[in-house]
Amino acid sequence: MLAETVLTPSDLIWPLFIAAGEDGEEPIATLPGVSRYPVRNLPAKAREARALGIPCVALFPNTPPGLRSSGAAEALNPDNLICRAVKAVKDAAPDIGVLTDVALDPYTAHGHDGLTDEAGYVLNDATVEMLAEQALVQAAAGADIVAPSDMMDGRVAAIRSALEQAGHANVQIMAYAAKYASAFYGPFRDAVGSRGLLKGDKKSYQMDPANAAEALREVALDIAEGADHVIVKPGLPYLDIIRRVKERFEVPVFAYQVSGEYAMIEAAAAAGAGDRDALLLETLIAFKRAGCAGILTYHAPVAARLLGKS
Ligand code: PBG
């Protein structure tokens with residue numbers, strides 16, 4: 001009766017990894033309990049989301065190594081893995097929202113989110129042109145929300161204008177506005193096959209964990225450029241950022257409880273250091289208390305089941 005915040009399955013976005021093969025699901029060793037799914041398994045996943053009351057899934061492809069290149073051309077292939085995945089979900093469950101990641105890292109041979117110069121430095125403006133094209137390809141496949149996660153400057157404006165011109169006025173942009181150069185992304189990079197490829201780090205485009213005012217500037221820019229909602233990422237180590245964004249800007253803010261956070265909860269539970277379900281629900285309500293409209297979490301189906309029981 002007196003709880004100030006509530007958590008419901010409708011707060012959750014469920015990230016799913018897509019396998020290119022058709023041989024069944026592929027477990028991810030550093031994300032125990034999470035697998036990559038072939039496209040043919042996605043209709044069942046979409047129906048599972050619907051049955052659990054989860055409104056939206058986020059799709060991430062593991063592009064076959066042979067299709068990765070320095071120019072990331074596969075990102076613009078209208079029949080690439082992510083586009084086939086989007087169609088599979090929308091055909092099976094049109095009422096389930098589909099969010100796609102706009103960034104080049106699943107497609108580049110070097111694992112960076114953008115195109116690079118000879119020295120390996122990410123090229124902002126050349127990347128932004130590709131990201132706008134990539135968003136169009138995903139929107140044409142049926143994505144409801146495109147989510148630029150690359151942290152290039154000016155990409156939200158470029159994507160918004162490309163979407164308008166191509167007649168995708170209703171496609172929303174959820175911008176990864178404050179995304180930190182974090183040590184918590186390791187299992188994700190295993191899942192999309194970029195960890196072994198990555199040369200160097202992402203500090204020239206992702207944020208310094210020491211900075212908070214910069215996060216507010218990043219969010220302000222993305223909103224001014226046309227973002228409908230913003231993401232703070234990772235989640236739990238950045239609750240202060242979520243709170244400040246929520247207080248300063250009147251847009252929905254989402255937390256991405258990232259792969260390393262998932263792994264930390266699972267490892268603690270496996271070591272007997274804590275109860276998995278209790279740890280999970282406590283972290284999720286913390287995001288709501290901090291001001292989140294919702295949370296992207298690999299634990300979405302686990303949490304939705306727990307919430308359905310309570
Ligand atoms: C890359 C991207 C990353 C994540 C989502 N999109 C990793 C990175 O920036 O290296 C991380 C998500 C997670 O760790 O769960 N565009």
Computed over the range 180-295, protein heavy atoms only, probe 1.4 angstrom, the accessible area per residue in square angstrom equals 43
Could you tell me the distance between the Cα centroids of the range 55-83 and the range 92-159, to the nearest Å? 10
On the accessible surface of the range 1-105, probed at 1.4 Å, how many percent belong to carbon and sulfur atoms? 57
What nm value, rounded to one decimal, do you get for the distance between Ala140 and Thr8 when each label is placed 7 Å out toward the C-beta? 3.8
Rank by packing, highest mean first: peptides 80-87, 275-282, 64-71, with packing defined as the count of other Cβ atoms within 10 Å averaged across residues. 80-87, 275-282, 64-71
Taking Cα pairs closer than 8 Å and at least 6 residues apart, the relative contact order of the chain in percent is 20
In whole Å, what is the distance between the alpha-carbon centres of the range 22-47 and the range 221-247? 29
21 Å Cα-Cα threshold exceeded, pairs from Lys233/Lys288; Lys179/Lys288; Lys87/Lys179: Lys87/Lys179
Net charge around Val232, counting only other residues with Cβ within less than 11 Å of its Cβ (Lys, Arg = +1; Asp, Glu = -1)? +3
Which of Arg189, Arg248, Arg50 fluctuates most in a GNM of the chain (C-alpha springs under 10 Å)? That residue is Arg248
Ignoring any ligand, DNA or RNA, what whole percent of the accessible area of the range 153-204 comes from carbon and sulfur when the probe is 1.4 angstrom? 49
For the range 96-103, what does the Karplus curve 6.51 cos²θ - 1.76 cosθ + 1.60, with θ = phi - 60°, yield as ³J(HN,Hα) per residue in whole Hz, taken in order and with x for Gly and Pro? 8, x, 10, 10, 10, 8, 9, 4
For the range 9-229, shape from the Cα gyration tensor axes a ≥ b ≥ c, cut at a/c of 1.5 then a/b versus b/c, turns out rounded
Just to confirm a number: summing +1 for Lys and Arg and -1 for Asp and Glu over residues other than Gly291 whose beta-carbon lies under 13 angstrom from that of Gly291, what do you get? +1
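The values are calculated or read from the model by the stated rules, or taken from the named source; none is laboratory data. Remember, predicted model here, so these are calculated numbers, not experimental data. Cβ atoms come from the backbone with ideal geometry, glycine included; neighbour counts cover every protein chain shown. In case anyone asks, the SASA skips ligands and DNA or RNA and just uses the protein heavy atoms, side chains included. Shrake-Rupley method; radii C 1.70, N 1.55, O 1.52, S 1.80 Å.
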